[in-house]
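Notes to accompany the following structure.
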2 protein chains.
Amino acid sequence: MSNVINHEEIQKLIHSQLQWRYATKVFDGNKKISEADWETLTESLRLAPSSFGLQPWHFIVANSSALREQLVTATTPINKPKLDTASHILILARMKSLPVEYIDAYMELVAKTRETPIGAVQDYRNMIVNKFSTFPAEAQAQWTTRQTYIALGSLLTSAALLSIDTCAMEGIDPIKCDEVLGLTKTNYGTVVAVALGYRSEEDKAQHAKKVRFSMDQVFTVM
Amino acid sequence: MSNVINHEEIQKLIHSQLQWRYATKVFDGNKKISEADWETLTESLRLAPSSFGLQPWHFIVANSSALREQLVTATTPINKPKLDTASHILILARMKSLPVEYIDAYMELVAKTRETPIGAVQDYRNMIVNKFSTFPAEAQAQWTTRQTYIALGSLLTSAALLSIDTCAMEGIDPIKCDEVLGLTKTNYGTVVAVALGYRSEEDKAQHAKKVRFSMDQVFTVM
């Protein structure tokens, strides 16, 4: 529980930091995310919610400059400045399908973590297996993609709270990116890339007013 | 910027609150989310990031008990206790398609907000229109669904920071839910429902240890 920080300060923090964030176009190449902040961000991804807690994802940190250069070929030219200047580049990958072996590995982790016999989670395991057995392959991939977007939304918000700038890059070619990352023949595939770091003073986009529909336009109370 | 709160306190807040949260099964029916907290949560949804800033979503607050009862028929029985006891029920809906008229309305908002002539955003408008004109209807719906999941991820994290419990309910039947909400003949459709409030002391799930793969299992550094 948050005993240290006053509750109203948390409200204000969320308001101000979500106003402050924007899709950063150019990062300051000299500013790096601290180890403690990076640990917070990776932990926020590791703890991200997913349906049934299945975590059908993998996160790739593309730190080497050689790899970043290769990633440029997997994206639209508009993303090159981000790949060149961001402190960190993350690729969020999803599982292409949910094999029974994976669900069993997860259930073993549930039993181990909760110190319960594997038999005690058998009904839960069967419910999940039965559910996904009715999903065609394409529907499984769409489902794992959606779960990965929960992690994305959580990451962008956590970063903003830490005053870390981000840009989600959907314009990355998943097939080329998978080739660069060596994912092609695995059960994982690129969903989206995220550049993280600190906005450059030269990024004019930071001065553009945030554009949002009004509360009335996006909410209906029934 | 977050001047008030010490940076390390924000790191700790994110760590502790993401550990604290869990998919709440039973809420305390007597505890209601305060107006100030609710305003923070709705604002976090309104400000949620989306690709091109298009916000292809709508959020429905299902407050009336009559509506909640109807929603029970649109979901699996496992969700009934949440619909009965949560302080607030939200339905996150996506646009079923992205009509050119919508993109034009958004571009008008961009021009108005940034006090720029509409002609200045014409290239940007055309780029977006051209992009989505190549998407088959089903791909547009998948794209708007993914955007809505960014909002979901951001909401679940913002709520946790405020010590507000949540449960995302994917097991809601979108067709039935659309009927209940009167969305069937509109361009909006149910994606996911979220129960928000405060955990009941009787919810045993709060005592179950959080299950997550290790950092090594979900991250690769290249």
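Every number here is computed from the coordinates shown, using simple stated rules; none is lab data. Here the structure is a predicted model, which is why all the values come from computation and not from measurement. Cβ: placed from backbone, ideal geometry, glycine included. Neighbour counts: every protein chain shown.
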Taking the alpha-carbon set of the protein assembly as shown, what are its Rg and Dmax in Å? 21.0, 66
Backbone HN-Hα couplings from phi across region B:59-69 [Karplus 6.51/-1.76/1.60, Hz, Gly and Pro as x]: 10, 10, 9, 9, 8, 5, 5, 4, 5, 4, 4
At 222 nm, what value in deg cm²/dmol follows for the protein assembly as shown if DSSP H runs of at least 4 each add -39500 (n - 2.57) and the sum is divided by all its residues, to the nearest 500? -14000 deg cm²/dmol
Too long for a 19 Å Cα-Cα cut-off, among A:Lys32/A:Lys210; B:Lys176/B:Lys204; A:Lys112/B:Lys210; A:Lys80/A:Lys204, are A:Lys32/A:Lys210; B:Lys176/B:Lys204
Can you work out D for chain B in µm² s⁻¹ from Stokes-Einstein, where Rh is the Kirkwood radius over C-alpha pairs, the temperature is 20 °C and the viscosity is 1.002 mPa s? 110 µm²/s
Please arrange A:Phe132, B:Phe213 by counting, for each residue, the other beta carbons lying within 10 Å of its beta carbon, fewest first. B:Phe213, A:Phe132
Among GluC sites (Glu not before Pro) in region B:79-180, those in a DSSP loop whose Cβ has at most 10 other Cβ atoms within 10 Å are B:Glu115
Test of the criteria: in region B:16-70, which GluC sites (Glu not before Pro) are in a DSSP loop and have at most 10 other Cβ atoms within 10 angstrom of their Cβ? none
Taking θ as phi - 60°, what are the ³J(HN,Hα) couplings along region A:175-191 by the Karplus curve (6.51, -1.76, 1.60), each to the nearest whole Hz, with x for Gly and Pro? 5, 5, 4, 4, 4, 4, 8, x, 8, 3, 9, 9, 8, 10, x, 4, 10
Put +1 on the Cβ of each Lys and Arg and -1 on the Cβ of each Asp and Glu in region B:44-148; which of B:Ile128, B:Leu54, B:Thr116 then has its Cα farthest toward the positive end of the dipole? B:Leu54
Expected max-MSF residue from A:Met127, A:Met95, A:Met107 in the GNM of chain A (alpha carbon, under 10 Å) is A:Met127
Loop-located trypsin sites (Lys or Arg not before Pro) in region A:184-222, at most 12 other Cβ atoms within 10 Å (DSSP): A:Lys185, A:Lys209
Under a point spin-label approximation (7 Å from Cα along Cα-to-Cβ), what is the A:Thr134-B:Gln217 distance to one decimal in nm? 2.8 nm
Determine the shape class of region A:100-155: with a ≥ b ≥ c the square roots of the Cα gyration tensor eigenvalues, call it rounded for a/c under 1.5, and otherwise prolate if a/b is greater than b/c, oblate otherwise. oblate
Simple label model, 7 Å out from Cα along Cβ direction - A:Lys31 to B:Gln142, nm: 3.7 nm
